[in-house]
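Q: Before I ask anything, let me first share the structure, which is written out below as structure tokens.
Every number in this text was worked out from the coordinates using simple rules, so none of it is lab data. Bear in mind the structure is a predicted one, so any value in this text is a computation, not a measurement. Every residue, glycine among them, receives a Cβ derived from its backbone with ideal geometry; neighbour counts consider all protein chains shown.
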Amino acid sequence: MSDSKFVARFAAAALVLFSGLLSGCASQKLAGHQPSVDSVQSIRNSAMAPINVGEFKVAPTANAKIDKVVTVRGSQLTSPNNDSFSGYLRESLLAELKSAGKYDPASTLTVSGQLLRNELNAAGFSKADASLGAKFSVAREGTVLFDKDIVTQDTWESSFVGAIAILDAINHYTDIYSKLLQWLFADEEFKRATAGQGSR
Amino acid sequence: MYMDRRFLQRLLACTLIIAASISASGCATAYVDGALKDVRPAEIHKPLRPQDAQVLFTFQTKGTGNAKATELLRKDVMTAITDSGIFATAGSDPSLSGAILGITINNVPLDDSAFAKGFATALTLGLAGNVVTDGYICTVDFIAPKGTKVTKTARHAIHTTVGAKGAPANAVKAKSLDEAVHTVTRQVVLAGLKNLADDAAFQ
């Protein structure tokens, strides 16, 4: 065997061996959104009227791919809601509103959304980050009361060990949906747009 | 070039040994820490008139929500709440009574060099045994319908030994890591609920 062939085979063998150790190399769906005590309490304590949840889709200005998959160290993360992250955002919002007792499918007040940004970067050995952004709209019987782009991001310590880095990335990426919704619920214009009749 | 090839052969051999030993020497044994007393439901002070509560459970890893683990352990948490007997009905429905019972379990590594320890054990084919300890901090928040909040905590731990390492002191061996996690979840939630029930503000 020539030296160059040997080197190539060595490199291939080492890659195969360590890829199993240092990464997850799999595709998995996110677990469902979990409303927290703090978020449920803040929605409950707000003057928000019961609200319906309308359509969520990827924004026409964004690349449609951001709705389908994010990757981390060769592993693919997909949404459990029709393989759509805008669908996952909708279900997350729905879970928050239901837990707070503020969801009413018969309400004339409706919140809808468009996914603008969806990024997960965990290739680095020391730092990783994710960002999520959406345009949220609130309308009552066709009249738009609120229309705003909200973007949030998170940065965390990563690891050179793939298995650790992937698990951390999944947790932080899933958690960023809670952060985005917390920004929405804390927005003063959103509060005014969704306030009950007697509160305005 | 001959030297290079011999070097690479040795490197490949080392690579094989390290990879195989990391995989094979991972004879991990889980132990449930014995410091937290296993609370029996009968020991929990029952309120005169138990009320309903909406349960919100979150499992965290190093303070960040871990949705997969939350799904996996939700049943254990709900069973512990029911067994405690301090609530009439506990469920996800927000209209139960207006009261909220928040249970948060945060898994925190008590040793940041877990991977380094495992790697050292693997390199010595298990001869250099090590123990890694994971802490579990359970925070129980009870928010009454009028907004009064009572917060209690309980702490637990799982010790995992790798390689030739004896059992940690004051710990109970689990059949598997999976069993240890379920046991710790039940015990730490019951301990947190007992602390809650002992508080006059809850009663």
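Q: Roughly what would the spin-label model give for A:N121 and B:H45, points 7 Å off Cα along C-beta, in nm?
A: 5.4
Q: Name the residue, out of A:A49, A:A186, A:A130, whose mean-square fluctuation peaks in a Gaussian network model built on chain A with Cα pairs under 10 Å.
A: A:A186
Q: By how many degrees, 0 to 90 and rounded to 10, does the Cα axis of helix A:3-22 deviate from the longest principal axis of chain A?
A: The answer is roughly 40 degrees.
Q: With θ set to phi - 60° and the Karplus curve 6.51 cos²θ - 1.76 cosθ + 1.60, what are the ³J(HN,Hα) couplings of the range B:146-158 in order, to the nearest whole Hz, using x for Gly and Pro?
A: These are the phi-based 3J(HN,Hα) values: 7, x, 5, 10, 10, 10, 10, 10, 9, 10, 8, 7, 10 Hz.
Q: Taking a spot 7 Å from the Cα of A:T143 along the direction of its beta carbon, which residues of the range A:93-116 have an amide N less than 18 Å from it?
A: In the range A:93-116, the label zone of A:T143 (backbone N under 18 Å from the point 7 Å along Cα→Cβ) covers A:107-112.
Q: Given a Förster distance of 35 angstrom, what is the FRET efficiency for A:Q76 paired with A:T108, based on the Cβ-Cβ distance and rounded to 0.05?
A: Details: r = 40 Å, r/R0 = 1.13.
Calculated transfer efficiency: 0.30.
Q: With θ taken as phi - 60° and the coefficients 6.51, -1.76 and 1.60, list the Karplus ³J(HN,Hα) couplings across the range A:158-172 in order, rounded to whole Hz; mark glycine and proline as x.
A: Per-residue couplings from phi come out as 9, 9, 7, 7, x, 4, 6, 4, 5, 4, 4, 5, 4, 5, 5 Hz.
Q: Using a cut-off of 10 Å between beta-carbons, work out the net charge of the residues near A:A31 (Lys and Arg +1, Asp and Glu -1, A:A31 not included). Kindly include the intermediate steps, with their values, before the conclusion.
A: Numbers: positive: A:K29, B:K68; negative: B:E71.
Here the charged neighbours net out to +1.
Q: Taking N as the number of residues in the range A:26-199, what value does Rg over Cα atoms divided by 2.2 N^0.38 Å take?
A: Values: Rg = 16.5 Å, N = 174, 2.2 N^0.38 = 15.6 Å.
For the range A:26-199, the normalised Cα radius of gyration is 1.06.
Q: Now a separate question. Would you work out if the range B:28-107 is rounded, prolate or oblate? Take a ≥ b ≥ c from the square roots of the eigenvalues of the alpha-carbon gyration tensor; rounded if a/c is under 1.5, else prolate when a/b is larger than b/c, oblate otherwise.
A: Numbers: a/c = 2.60, a/b = 1.29, b/c = 2.02.
Oblate is the answer for the range B:28-107, as a/c is 1.5 or above yet b/c matches or exceeds a/b.
Q: Follow-up. Determine, from the Cβ-Cβ distance of B:N170 and B:L72 and an R0 of 25 Å, the FRET efficiency 1/(1 + (r/R0)^6), rounded to the nearest 0.05. Don't skip to the answer; put the middle values down first.
A: On the way: r = 27 Å, r/R0 = 1.08.
So, using R0 = 25 Å, E works out to roughly 0.40.
Q: Provide a whole-number value for the mean count of partner chain Cβ atoms within 10 Å of the Cβ atoms in peptide B:51-64.
A: Details: counts 0, 0, 0, 6, 1, 9, 3, 6, 2, 3, 5, 5, 2, 11.
That works out to 4 on average.
Q: Then there's this: Kindly write out, for the range A:141-157 in residue order, the coupling ³J(HN,Hα) from the Karplus curve 6.51 cos²θ - 1.76 cosθ + 1.60 (θ = phi - 60°), rounded to whole Hz, with x marking Gly and Pro.
A: Each residue of the range A:141-157 in turn: 6, x, 8, 6, 9, 8, 7, 8, 8, 10, 10, 9, 9, 9, 10, 8, 6 Hz.
Q: Ok, one more. List the residues whose amide H sits under 5 Å from the amide H of A:K29, counting only those 5 or more places along or on another chain, with H placed 1.01 Å from N in the peptide plane.
A: A:T78
Q: Here is a follow-up. What is the dipole size for chain A, taken about its Cα centre, with +1 at each Lys and Arg Cβ and -1 at each Asp and Glu Cβ, in debye to the nearest 20? Write out the running numbers ahead of the final one.
A: Details: 20 positive and 20 negative charges, 51 e Å.
Taking the Cα centre of chain A as origin, the dipole is about 240 debye.
Q: What value in Å³ per residue do you get for the convex hull of the alpha-carbon atoms in the range A:148-200?
A: 74
Q: A further question on this structure: Provide B:I105, B:I143 in ascending order of the number of other Cβ atoms located within 10 Å of each residue's Cβ, fewest first. Display every interim value, and only then the final one.
A: Details: B:I105 28, B:I143 22.
Least to most surrounded, the residues fall as B:I143, B:I105.
Q: Enter the Cα centre distance for the pair the range B:27-69 and the range B:126-203, rounded to the nearest angstrom.
A: The range B:27-69 and the range B:126-203 have Cα centres spaced 7 Å from each other.
Q: Per residue of A:173-184, count partner chain C-beta atoms within 10 Å of its C-beta, then hand back the mean as an integer.
A: On the way: counts 1, 6, 6, 2, 2, 4, 0, 0, 0, 0, 0, 0.
Averaged over the peptide's residues, the number is 2.
Q: Another one. Over chain A, with a Gaussian network built from C-alpha contacts below 10 Å, which listed residue (A:L120, A:L180, A:L167) shows the highest mean-square fluctuation?
A: A:L167
Q: Quick query: amide H of B:S92 versus all other amide H atoms, modeled in the peptide plane; which residues come in under 5 Å with a sequence gap of 5 or more or a different chain?
A: Close amide H contacts, sequence-distant or interchain: B:V55.
Q: Still on this model: Of A:G87, A:G54, A:G113, which is the most mobile in a GNM of chain A whose springs link Cα atoms less than 10 angstrom apart?
A: Residue with maximal mean-square fluctuation among A:G87, A:G54, A:G113: A:G54.
Q: While we're here: Peptide B:68-80: average number of partner chain Cβ atoms within 10 Å per residue?
A: 2
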